[in-house]
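No lab work stands behind these numbers, since they all come straight from the coordinates. The model shown is predicted, which means the values in this text are computed figures rather than measured ones. FYI the Cβ positions are ideal-geometry reconstructions off the backbone, even for glycines, and counts take in every protein chain you see.
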Amino acid sequence: MRFANWHQLTLPAATCWFYTDGVTKAENRLGEEFSMECPSALVRDASSPSAEDLTTNIFNSAANFCDDVSFHDDVTIVVVYATSTALPA
């Protein structure tokens, strides 16, 4: 297993979110995929929920989209808020 360090300068209060393809490939009864647009809109339009709230909102939105169809793949969502542009020393 390979791991990498990642450093990214961001604006204060920037939001980064990571997910598995189980989120975007979640399907409803018609075979339509949840897609990237749905969770992206939730992140973009969030006024200022906590990372936990945003994670829950994305998961619930995917689950509601699927309705009575269960997820066919793992669903992992991680939301990170950047609160400073300073990198650790």
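Here Thr83 and Thr20 are evaluated by their C-beta separation; at R0 = 41 Å the FRET efficiency comes out at 0.95.
Can you tell me the FRET efficiency between Glu27 and Ser47 if r is taken as the Cβ-Cβ distance and R0 is 25 Å, rounded to the nearest 0.05?
Details: r = 30 Å, r/R0 = 1.18.
Result of the calculation: an efficiency of 0.25.
For segment 21-82, the calculated P(r), taken from all Cα-Cα distances in 5 Å bins from zero up to the bin holding the longest distance, is 4, 19, 31, 24, 13, 7, 2, 0 percent.
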